[in-house]
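Trainee: Before we start, here is the structure in question, set down as structure tokens.
Just so it is clear, none of the values below were taken in a lab; they were calculated from the coordinates. Source: prediction; values computed, not measured. Neighbour counts are summed over all protein chains in view; Cβ atoms, including those assigned to glycine, are modelled from backbone coordinates with ideal geometry.
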């Protein structure tokens with residue numbers, strides 16, 4: 001397929017579209033401070049009990065039982081089929097036993113499907129480790145990109161990457177989707193993966209620069225993006241197929257992960273096609289301008305020196 | 001298929017493809033069956049224990065060794081096969097019990113310090129768990145109630161005899177001070193009255209047991225000994241067998257649907273090379289499973305997510321190559337030259353594109369928690385394997401394919417005759 005879209009000319013529109021998600025995301029995080037995201041028990045510490053009753057039970061019945069144990073402010077989520085996800089603050093083994101036996105005594109036979117507890121220390125560690133991992137991944141990406149590309153491409157690629165992470169985190173902040181430990185995995189994978197398309201396009205720009213025809217830089221970049229467009233879209237499509245299958249069919253546990261990855265992957269494809277290369281052009285123009293100014297300054301200096309020496 | 005050469009290469013191709021299919025069908029199921037499943041897929045408990053230092057005593061390596069031994073003992077008492085017990089850091093212990101029918105029971109036994117103390121009314125410790133020689137649960141013949149009989153060692157027997165003698169002689173019958181309280185983990189179990197001095201070194205904990213099983217469990221704990229330091233469960237993930245089976249079934253569906261859709265996608269977009277890519281994917285999947293199996297890796301839910309995702313990313317290598325191939329064909333190259341150029345020029349791109357993802361996965365492996373580590377392993381392994389199969393197997397298969405005259409039509413590669421330069425038409 002041969003495409004010939006002018007991606008570069010409308011770049012202001014593409015930037016605006018990105019900011020339309022990123023800025024509300026940032027605002028949502030600030031407004032919800034000190035919990036910018038809806039952190040699950042993996043981060044905050046706490047208990048999750050998932051039970052399925054043999055007979056019809058309502059959420060309010062469950063709440064009533066919990067209220068009797070001073071756990072009335074727990075989050076109770078009906079998961080269909082008389083199944084409930086109960087999230088409480090951190091409680092010890094005996095309290096957990098009390099909850100389960102109270103539910104059993106008052107509401108009937110149940111199947112205890114999941115019983116999780118994460119201590120506050122573990123949550124803190126996860127947060128710290130997650131931030132560490134993120135920082136290290138960033139540094140590695142910057143190093144890799146700097147080695148593989150010249151400075152300006154590297155900078156543009158990193159900006160695109162920041163864009164993808166902000167879009168993903170931003171949407172999770174806006175919709176208050178719960179984040180768990182797999183979210184960290186998703187963000188790291190996005191950092192690793194979304195750079196791919198950018199690299200492929202920059203690779204093509206570099207190749208085309210070597211065999212440059214009579215064309216402006218904007219035309220050359222457009223040509224490069226169009227040449228790699230099928231690949232950019234198709235490779236993301238196969239990943240999206242895999243993620244959609246996981247999200248829709250894979251069950252509760254990997255849903256957060258698949259959702260975060262899905263957003264990151266789509267954003268990654270978008271940023272590498274619509275924003276990374278235009279940003280590179282922007283940076284290139286900017287740095288050329290500075291060079292020219294510096295050069296002309298130097299030239300005038302040289303001239304004046306020459307004049308005085310006469 | 002006019003020439004003998006064409007027929008020959010067709011048969012060669014057919015044999016290779018049939019062999020791959022047979023291998024796929026034959027080895028897939030046994031490999032999957034042999035794979036060890038994680039707790040989240042078959043039910044079980046993961047417990048992270050934190051040994052706690054007290055003002056008087058900081059946790060030492062010896063404490064941890066003793067703790068590990070006692071925990072192994074307790075788990076054995078529960079009759080659980082293949083428990084995983086390992087130290088983490090300087091003061092933590094991971095216990096993983098797969099396929100437990102009653103995870104709550106296991107958790108209850110694991111969390112107990114099992115510090116047994118016999119105390120007088122003024123709080124003096126007469127004997128404690130370390131003075132025990134044996135503890136057994138029995139049913140009392142008269143009351144039909146479960147109870148635990150204790151036997152002390154020599155020192156315990158002596159202390160117990162002395163103290164009971166002292167109580168009997170100092171206080172009159174019925175005096176609350178003539179009691180010896182039995183505490184477990186600082187909780188009062190019973191506070192029996194001392195009828196007479198007990199020189200035999202035997203005692204009974206009576207009453208307060210709901211079932212014989214409860215008494216038997218406590219007896220087992222007492223026999224195993226008290227923990228050298230108090231412990232706390234700081235993380236626990238118990239998955240019931242029904243949820244595990246449910247997750248397993250759901251992941252299977254997700255994997256099958258994902259794979260079929262990706263295969264269809266490749267077929268529709270890349271036609272003949274797409275089929276070749278799909279055959280490569282079979283081998284890819286076998287290699288990944290075989291490596292996982294030989295590493296004795298445990299397959300978890302995040303691990304499965306990593307596998308499926310790696311397939312989605314894996315075909316990327318093929319896509320890069322095939323897009324190049326199409327482009328080279330449109331530029332007027334012959335089929336063979338286009339295939340060679342496609343592979344040669346795509347390699348750096350493929351390497352670049354995957355290196356960053358593997359880097360990120362490595363970071364995740366070294367800094368991630370247990371749950372996401374499986375994901376990091378399967379993802380990075382999947383990506384490396386995919387690169388390998390794309391540049392070796394796909395290339396080999398594609399060379400076989402283009403050797404067959406019937407497969408030398410441009411449309412089979414997704415390129416229209418009108419798209420290539422006039423001079424190059426009709427001679428690919």
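Trainee: If a/c stays under 1.5 just call it rounded; otherwise compare a/b with b/c (prolate if a/b is bigger, oblate if not). Do that for chain B, with a ≥ b ≥ c from the square roots of the Cα gyration tensor eigenvalues.
Mentor: On the way: a/c = 5.11, a/b = 3.73, b/c = 1.37.
Taking the square roots of the gyration eigenvalues as a ≥ b ≥ c, chain B is prolate.
Trainee: Give the angle, between 0 and 90 degrees and rounded to the nearest 10, that separates the Cα long axis of helix A:277-309 from the longest principal axis of the Cα atoms of chain A.
Mentor: So the inclination is approximately 40 degrees.
Trainee: What is the list of residues in segment B:177-196 whose amide nitrogen lies under 13 Å from a point 7 angstrom out from the Cα of residue B:124, following Cα to Cβ?
Mentor: B:178-180
Trainee: Against the longest principal axis of chain A, how steep is helix A:217-249, in degrees 0 to 90 to the nearest 10, with axes from Cα atoms?
Mentor: That works out to roughly 10 degrees.
Trainee: Take A:33, A:138 and order them by how many other Cβ atoms sit within 10 Å, fewest up front.
Mentor: Working: A:33 7, A:138 18.
The most exposed by this proxy come first: A:33, A:138.
Trainee: For residue B:16 paired with residue B:161, estimate the spin-label separation in nm (one decimal), with each label point 7 Å from Cα along the Cα-to-Cβ line.
Mentor: 8.8 nm
Trainee: Across the residues of B:325-337, average count of Cβ atoms on other protein chains within 10 Å? Each step should come with its number before you reach the end.
Mentor: Numbers: counts 0, 3, 5, 0, 0, 1, 0, 0, 0, 0, 0, 0, 0.
Rounded to a whole number, the mean comes out at 1.
Trainee: In cubic angstrom, how much convex hull volume per residue do the alpha carbon atoms of chain A span? Don't skip to the end; give the middle numbers.
Mentor: Working: hull volume 55.1 nm³, N = 310.
Cα-based convex hull of chain A, divided per residue, equals 178 Å³.
Trainee: Would you please give the FRET efficiency between residue A:151 and residue A:212, computed as 1/(1 + (r/R0)^6) with r the Cβ-Cβ distance and R0 = 22 Å, to the nearest 0.05? All intermediate terms of the calculation are to be shown ahead of the outcome.
Mentor: Working: r = 20 Å, r/R0 = 0.91.
FRET efficiency, residue A:151 to residue A:212: 0.65.
Trainee: Under the definition of Cα pairs under 8 Å and six or more residues apart, what whole-number percent is the relative contact order of segment A:180-310? Could the numbers behind the result be given before it?
Mentor: Working: 84 pairs, mean separation 47.5, N = 131.
Computed over segment A:180-310, the figure is 36 percent.
Trainee: Taking the mean number of other Cβ atoms within 10 Å as a proxy for protection, how do you rank B:107-113, A:250-256 from highest to lowest? List each step's numbers first, then the result.
Mentor: On the way: B:107-113: 19.9, A:250-256: 21.4.
Result, highest mean Cβ count within 10 Å first: A:250-256, B:107-113.
Trainee: Cut-off is 10 Å between beta-carbons; in what order do B:251, A:181, B:211, A:35 appear when sorted fewest neighbours first?
Mentor: Numbers: B:251 27, A:181 24, B:211 9, A:35 12.
Going from sparsest to densest Cβ surroundings: B:211, A:35, A:181, B:251.
Trainee: Can you give the average number of partner chain beta-carbon atoms within 10 Å of each beta-carbon in peptide B:195-204, as a whole number? List each step's numbers first, then the result.
Mentor: Values: counts 0, 0, 0, 0, 0, 0, 0, 0, 0, 0.
That average works out to 0.
Trainee: How many angstrom lie between the Cα centre of segment A:234-310 and the Cα centre of segment A:1-45?
Mentor: 15 Å
Trainee: With label points built 7 Å along Cα→Cβ from the Cα atoms of residue A:58 and residue A:5, find their separation and express it in nm.
Mentor: 5.1 nm
Trainee: Give me the one-decimal nm value for the distance between modelled label points at residue A:79 and residue B:153, 7 Å along each residue's Cα-to-Cβ direction.
Mentor: Distance between label points: 4.8 nm.
Trainee: For every helix of n ≥ 4 consecutive DSSP H residues, a contribution of -39,500 (n - 2.57) applies; sum these over the protein assembly as shown, divide by its total residues, and give [θ] at 222 nm rounded to the nearest 500 deg cm²/dmol. Working shown, then result.
Mentor: On the way: 22 runs with 450 residues, N = 738.
Estimated from H runs of four or more residues: -21000 deg cm²/dmol.
Trainee: To continue, here is another question. Percent relative contact order of chain A, based on C-alpha pairs within less than 8 angstrom and at least six residues apart?
Mentor: Numbers: 387 pairs, mean separation 77.1, N = 310.
This gives 25 percent for chain A.
Trainee: Order the peptides B:115-125, B:358-368 from the highest to the lowest mean number of other Cβ atoms within 10 Å of their residues. Don't jump to the answer; show the numbers that get you there.
Mentor: Values: B:115-125: 15.9, B:358-368: 22.2.
Highest-to-lowest ranking by the protection proxy: B:358-368, B:115-125.
Trainee: Could you grab the relative contact order for segment B:1-101? Cα pairs under 8 Å, six or more apart, rounded to a whole percent. Could you put the intermediate results ahead of the total?
Mentor: On the way: 88 pairs, mean separation 31.6, N = 101.
Dividing the mean separation by the residue count of segment B:1-101 yields 31 percent.
Trainee: Can you sort A:116, A:207 so the residue with the fewest Cβ neighbours within 10 Å comes first? Could you put the intermediate results ahead of the total?
Mentor: Working: A:116 20, A:207 13.
Ordered by Cβ neighbours within 10 Å, fewest first: A:207, A:116.
Trainee: Helix B:4-34 versus the longest principal axis of chain B: what angle, 0 to 90°, nearest 10, using Cα atoms?
Mentor: Helix B:4-34 sits roughly 10 degrees off the main axis of chain B.
Trainee: Given R₀ = 25 Å, FRET efficiency for residue B:331-residue A:283 by Cβ-Cβ distance, to 0.05? If you can, show how the numbers build up before the last one.
Mentor: Values: r = 32 Å, r/R0 = 1.26.
Efficiency, from the Cβ-Cβ distance: 0.20.
Trainee: For segment B:312-417, what number results from the quotient of the Cα radius of gyration and 2.2 N^0.38 Å?
Mentor: On the way: Rg = 16.9 Å, N = 106, 2.2 N^0.38 = 12.9 Å.
Normalised Rg, Cα atoms only: 1.30.
Trainee: Moving on. Tell me, how many Å apart are the Cα centres for segment A:48-89 and for segment B:76-140?
Mentor: If you average the Cα positions of each part, the centres end up 31 Å apart.
Trainee: Place a label point 7 angstrom from the Cα of residue A:106 along the Cα-to-Cβ direction, then list the residues of segment A:60-89 whose backbone nitrogen is under 12 Å away.
Mentor: A:60-73
Trainee: Given the protein assembly as shown, what whole percent of its Cα pairs are spread farther than 33 Å? Walk me through the intermediate numbers first.
Mentor: Working: 167059 of 271953 pairs.
More than 33 Å apart: 61 percent of the Cα pairs in the protein assembly as shown.
Trainee: By the gyration tensor of its Cα atoms, with a ≥ b ≥ c the square roots of the eigenvalues, what is the shape of segment A:46-118: rounded for a/c under 1.5, prolate for a/b over b/c, or oblate? List each step's numbers first, then the result.
Mentor: On the way: a/c = 1.44, a/b = 1.35, b/c = 1.06.
Judged from the Cα gyration tensor, segment A:46-118 comes out rounded (a/c under 1.5).
Trainee: Here is a follow-up. Per-residue mean of other chain beta-carbon atoms within 10 angstrom of the beta-carbon, peptide A:141-149? Please list the in-between numbers first.
Mentor: Details: counts 4, 0, 1, 4, 2, 0, 0, 5, 1.
Partner Cβ neighbours, averaged per residue: 2.
Trainee: Find the eigenvalues of the gyration tensor of the Cα atoms of segment B:90-242, then list the square roots of 5 times those eigenvalues as equivalent ellipsoid semi-axes, largest first, in whole angstrom.
Mentor: On the way: eigenvalues 212, 63, 34 Å².
Equivalent-ellipsoid dimensions as semi-axes: 33, 18, 13 Å.
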